[in-house]
1. Kindly establish whether LEU294 is in a helix (DSSP H, G or I) and modelled with pLDDT of 90 or more.
2. Is there a residue in the range 147-158 that is in contact (Cβ under 8 Å) with a residue 40 or more places away in the chain, in contact with a Cys (Cβ under 9 Å, 6 or more places away or on another chain), within 18 Å of PRO429 (Cα to Cα) and assigned by TED's automatic domain parsing to the domain that holds PRO23?
3. Can you confirm whether GLU230 is in the same structural domain as HIS77 (by TED's automatic domain parsing), over 19 Å from the mean Cα position of the chain (by Cα) and not polar (S, T, N, Q)?
4. Please list, ordered by first then second residue, the pairs with beta carbon atoms under 7 Å, 6 or more apart or interchain, first in the range 25-36 and under 19 Å from SER187 (Cβ atoms), second polar (S, T, N, Q).
5. Here are the criteria: (1) modelled with pLDDT of 95 or more; (2) touching a strand residue (DSSP E or B) at 6+ places or on another chain (Cβ under 8 Å); (3) of a type outside the set (Gly, Ala, Ser). Tell me which single one VAL76 does not satisfy.
6. Here are VAL196, VAL136: which of them is buried (at least 17 other Cβ atoms within 10 Å of the Cβ), touching an Asp or Glu at 6+ places or on another chain (Cβ under 6 Å), β-branched (Val, Ile, Thr) and in contact (Cβ under 8 Å) with a residue 12 or more places away in the chain?
7. Would you call LEU382 of a type outside the set (Phe, Trp, Tyr) and part of a helix (DSSP H, G or I)?
8. Whether any residue in the range 393-405 is in contact (Cβ under 8 Å) with a residue 24 or more places away in the chain and in a helix (DSSP H, G or I) is what I want to check.
Amino acid sequence: MATITFFGAAQEVTGSCHLLESPACGKVLLDCGLHQGGDAVERIHNERFAFNPGDIDAVVLSHAHLDHSGMLPLLVHRGFEGPIYCTRATADLLPIMLHDAAGLYLRDLERDNLRARRRGRKEREPIYDMDDVETVLKRLQRIPYRKHADLGPKCRVTFHDAGHILGSAIVEVELKEKRGPRRLVFSGDLGRAGSVLMNAPSSLSEADIVLMESTYGDRNHRCEDESLEELREVLADTWRRGGSVMIPAFAVGRTQEIIFHLGRLHHAGELDPWQIFLDSPMAIEVTQVYDRWLHLMDDDDIRELSESHRHSLEGFLPTLQLTPDTEQSMAINRIKGGAIIIAGSGMCTGGRIRHHFKQRIWDSRNTIIFAGFQAQGTLGRLLVEGMQSVKLFGEEYAVKAQIATIGCFSAHAGQRELLAWAGNFEGPPRVVLVHGEAKAQDTLAEKLWEEQGIQVQIPARGETIAF
């Protein structure tokens, strides 16, 4: 008999971590992600594995976002010695993601320890370091889409394109057990069918059990044309006010899609007066990785790129200014209006976007555009919900900037797309909802029952399901 235990992303969006156990495969971890929200150092030091990492035989990684991969260095530090299976593009992104995250963590910890020394308090040792990151990268097993990899003599894994970010995968695990074959499908994070650059998520039809994300289970996104028009209006309104636009963007996925949309506006002659900055060293590196994989992306979108731009998103937006250095980032502060600033982090939990907030969030001429999901407990979520003041670097700032959310730029499938993807399975299979907050999961569960006769389970953190 096989079991799955849910150690993260259970009735919450972040911290993806699901343990599959079976005589056919041993103990296999599906993702090993970081919970997001709150102080970064405290968050990482509060992470606890409810299992012995040394007992885990393998990790299967759905994609590179930190809420799915960010705890891998701690896992190896605590004794995990097995292989980590992922797609080839995910393996290209992980060095950037994990080095950046570890660097931020270690710098923040050093800052906290400096404060502790000044106050005569005990310092804290890092719970993982860059050597652990390097160990993770050495363990990566690169698997192309639709090719099988053996997890054991009676178990194999196959990755299918999830259309969420570069390299994102739907995970299919086939088990040969005494009672017969069993097939588990883990959606990872599903993308939108009409997402620019990404292919539509693959459709699967066979499964005994499906672990399905439910991030936007309670809402649908606007169509792409409506969102592009909304972006035009936000930019026009901000320009008339004499302000600037700040876009907190995830380095992987959202940044590249935003560059693509701004490139379309540029070629239509609608961005001439704006100064546009990509103020994220990690996003700059990731965009260069995307350039290497453009040939795998959606043909309809790639056709919008001229031959000269077909291998460079940066080239598609020639007015884009890259600011990898701290001095270049700080120089943006001298621009009083007419700037579009794309900076990390996507949920405003750290990164350069908070420095730009410090300079501009108190000015009603400016606008903040949110283009991705904001998890509970993050600064981004609080701003979307109408927070009136924010504490940045120890000081309070009034929130006077306009707040806009543009849903079609999200990398996650909306409710209609989730229902359509689930409807492709024959049977129907047993469906377990993960990666969603309670309201979204309850709404999606009701829709699945009403429209497709699928009765779902919504596990709590630490709960085990046998199948």
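1. Working: in a helix (DSSP H, G or I): yes; modelled with pLDDT of 90 or more: no.
Judged against the criteria, LEU294 is not a match.
2. Scanning the range 147-158, I find no residue that is in contact (Cβ under 8 Å) with a residue 40 or more places away in the chain, in contact with a Cys (Cβ under 9 Å, 6 or more places away or on another chain), within 18 Å of PRO429 (Cα to Cα) and assigned by TED's automatic domain parsing to the domain that holds PRO23, so the answer is no.
3. Numbers: in the same structural domain as HIS77 (by TED's automatic domain parsing): no; over 19 Å from the mean Cα position of the chain (by Cα): yes; not polar (S, T, N, Q): yes.
For GLU230, the condition - in the same structural domain as HIS77 (by TED's automatic domain parsing), over 19 Å from the mean Cα position of the chain (by Cα) and not polar (S, T, N, Q) - is not met.
4. ASP31/SER16; ASP31/SER62; CYS32/SER69; GLY33/THR14; GLY33/SER16; GLY33/SER69
5. (2)
6. Values: VAL136 fails: touching an Asp or Glu at 6+ places or on another chain (Cβ under 6 Å).
Just one listed residue meets the conditions, VAL196.
7. Numbers: of a type outside the set (Phe, Trp, Tyr): yes; part of a helix (DSSP H, G or I): yes.
Against the criterion (of a type outside the set (Phe, Trp, Tyr) and part of a helix (DSSP H, G or I)), LEU382 qualifies.
8. no
The values are calculated or read from the model by the stated rules, or taken from the named source; none is laboratory data. Quantities reported herein were computed from a predicted structural model and do not represent experimental measurements. Using ideal geometry, Cβ is built from the backbone for each residue, glycine included, and neighbour counts are taken over all protein chains shown.
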